[in-house]
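Worksheet: the structure to be examined is printed underneath.
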Amino acid sequence: LIDGTNLPTIGYNAHPITLKEALANGKFGTVYQAVDGHNRQVAVKVFSMQDRSSWQIEKDVYSLPQMEHDNILKYLGAERKGEGLGLEFWIITEYHPNGSLHEYLKSHTVTWNNLLKIIQGIGLGLAHLHEEIPARENKDAKPSVAHRDFKSKNVLLGNNFRACIADFGLALVFYPNTTCGDAHGQVGTRRYMAPEVLEGAINFTRDSFLKIDMYACGLVLWELVSRCSYNEIPCDEYSLPFENEVGPNPTIEDMQDIVAQQKKRPHIKDSWLKHPGMALIVSTMQDCWDQEAEARISAETICERINSLKLNNDS
Ligand code: ADE
């Protein structure tokens, strides 16, 4: 734990922010729980000089027109702090006491209704991120964005199981009528990489990047379903996707072998298929992680499937 009293404060809309406790260490920087000058809780992600380009990308993505959405982490601002070798780059967002979906699932199971709620939030958030929205009223158009590091650690859980997608430091923005330039193909977290990413065989088009996010989304749906307790059937302990197959720190070669060559996917339990609603969620996750990128469903299709389940549930 880091003692907040010894930490510096900065100007933030003319009000200082005080870092309190370190919450998570990511690939790029550390996330702190913090309080702003109005004594509101916020989260601050601190990037070092060498991770500055991730800070710039994340700041640019959060600042896109029409980016705000209930299922995208709420952005409050970005700052440069300090000087010389101590120069730091901060991203300030809303704070969610429940932390990430990954942390939550390690110590909690989810009910059937909350499972639907979380999946719906993920679907809506990803659909919003992926969608191009035309200019309207006094707002500019929102370009399509691919996340490129979608995983359960990058989904935060708000009140009432509201899923919020976070961590845009690797995102790619697709401005209409431009090609995606020098985009580098093999980025993200190895465990969640789609087969075509592992094989270095992606087309550098918008659609192929969106399908890569959908593959990772299928794995997150599996993490959720494997922790869902319904009909009083006990569920398994939490495990990361492919943890049984490749352990906690897989290499690219481990993942290539399992996912690209052997075409393995996380295990689906027979008991899940006995529940008609759960069987639809299972086919939805399988439609997300199809070996063929073109065959994968979109985030909107996830939302449509969840809506059909809710309608059946309510009637
Ligand atoms: N972990 C990473 N970002 C967070 C946030 N905004 N709130 C709570 N926990 C987090």
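The values are calculated or read from the model by the stated rules, or taken from the named source; none is laboratory data. Note that the structure is predicted; figures quoted are calculated from it, not measured. With ideal geometry, Cβ positions are generated from the backbone for all residues, glycine too; neighbour counts draw on all protein chains shown. For accessibility, only protein heavy atoms count, side chains too; no ligands or nucleic acids. Shrake-Rupley method; radii C 1.70, N 1.55, O 1.52, S 1.80 Å.
Among the residues in region 99-109, are any of a type in the set (Val, Ile, Thr), more than 14 Å from the ligand (Cβ to nearest atom) and in contact (Cβ under 8 Å) with a residue 12 or more places away in the chain?
Residues of region 99-109 that are of a type in the set (Val, Ile, Thr), as a first pass: 109.
When the remaining residues are screened for being more than 14 Å from the ligand (Cβ to nearest atom), the result is 109.
Filter again for in contact (Cβ under 8 Å) with a residue 12 or more places away in the chain, leaving 109.
Yes, that holds for at least one residue.
Restricting to region 145-155, count the residues that are open to solvent by 30 Å² or more (accessible area, probe 1.4 Å), under 23 Å from residue 133 (Cβ atoms) and within 12 Å of the ligand (Cβ to nearest atom).
Matching residues across region 145-155 total 0.
For region 68-85, which positions are open to solvent by 60 Å² or more (accessible area, probe 1.4 Å), within 26 Å of residue 145 (Cβ to Cβ) and more than 13 Å from the ligand (Cβ to nearest atom)?
68, 70, 80, listed by residue number.
It is to be established whether one or more residues within region 178-194 are within 16 Å of the ligand (Cβ to nearest atom) and part of a loop (DSSP other than H, G, I, E, B).
Kept after step one, since they are within 16 Å of the ligand (Cβ to nearest atom), are these residues of region 178-194: 189.
Next, from what is left, pick out any that are part of a loop (DSSP other than H, G, I, E, B): 189.
Checked region 178-194: at least one residue is within 16 Å of the ligand (Cβ to nearest atom) and part of a loop (DSSP other than H, G, I, E, B).
What pairs can you find where one residue is in region 285-305 and more than 17 Å from residue 260 (Cβ to Cβ), the other is in a helix (DSSP H, G or I) and open to solvent by 40 Å² or more (accessible area, probe 1.4 Å), and their Cβ atoms are less than 8 Å apart, with a gap of 6+ or different chains?
287/295; 297/287; 299/124; 301/287; 303/124; 305/280
So that you can scan it fast, the table gives a plain yes or no per residue for (1) among the acidic types (Asp, Glu); (2) in contact with a helix residue (DSSP H, G or I) (Cβ under 7 Å, 6 or more places away or on another chain); (3) crowded, with 19+ Cβ neighbours inside 10 Å; (4) at pLDDT below 95:
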site	(1), (2), (3), (4)
243	yes, no, no, no
259	no, yes, yes, no
263	no, no, no, no
274	no, no, no, yes
285	no, yes, yes, no
292	yes, no, no, no
310	no, yes, no, yes
